[in-house]
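Let me begin by presenting the structure, written as structure tokens, before commenting on it.
Nothing in this text is a laboratory measurement; each read-out follows from the coordinates by a stated rule. Nothing here was measured: the structure is a model prediction, and the numbers come from that model. We place every Cβ from the backbone using ideal geometry, glycine too, and count neighbours over all the protein chains shown.
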Amino acid sequence: MKKALIICAAGMSSSMMAKKTTDYFKNKDIDIEVDAITATEGEEAIRSRNFDLYLISPQTTMYLDGFKKIGEEVGRPVVSIPFKAYIPIPTGIEGMANLVQDNI
């Protein structure tokens, strides 16, 4: 199983997006799980290398460069989530799923 982690400001919207995206993958028989944490836990999470992909939410783009650098150090991709893929409606969920699949 592949795993992706959304790093968000407070973790509320990202938890919802993670669950909906994981459900999307399950419905398509794709073995990818998405989880979420807060930005304060981001550096430690990336350094742990427990996930195959790290996604930075639109509201935490101020951390993107720092998290990308850490990702490069540990050999894990860190990508920014565009706003259109961070909306909990079918097109947003599909956009998030495509982003994950394209980068994992």
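For the reader, a short list of remarks on this structure follows.
- Cβ-placed point charges (K, R +1; D, E -1), dipole of segment 15-95 about Cα centre in debye, nearest 20: 200
- Evaluating 6.51 cos²θ - 1.76 cosθ + 1.60 at θ = phi - 60° for every residue in segment 30-45, the Karplus couplings come out as 10, 8, 10, 10, 10, 10, 8, 9, 8, 4, 5, 9, x, 4, 4, 4 Hz, glycine and proline recorded as x.
- For segment 39-65 and segment 80-98, distance of Cα centres in Å: 17
- Near Glu33: Cβ cut-off under 14 Å, other residues only, Lys/Arg at +1 and Asp/Glu at -1. The net charge is +1.
- Shape of segment 44-96, Cα gyration tensor, a/c cut at 1.5: prolate
- Most mobile listed residue (Ile56, Ile81, Ile30) in the chain, GNM with C-alpha springs under 10 Å: Ile30
- Under Karplus coefficients 6.51, -1.76 and 1.60, residue-wise ³J(HN,Hα) of segment 52-61 in Hz, glycine/proline x: 8, 8, 10, 10, 9, 5, x, 7, 10, 5
- Here the Karplus curve 6.51 cos²θ - 1.76 cosθ + 1.60, taken at θ = phi - 60°, turns the phi angles of segment 16-23 into couplings of 5, 5, 4, 5, 5, 6, 4, 4 Hz, with x standing for Gly and Pro.
- Value of Rg to Rh for the chain, rounded to two decimals, is 0.93; Kirkwood radius and Rg both from alpha-carbon coordinates.
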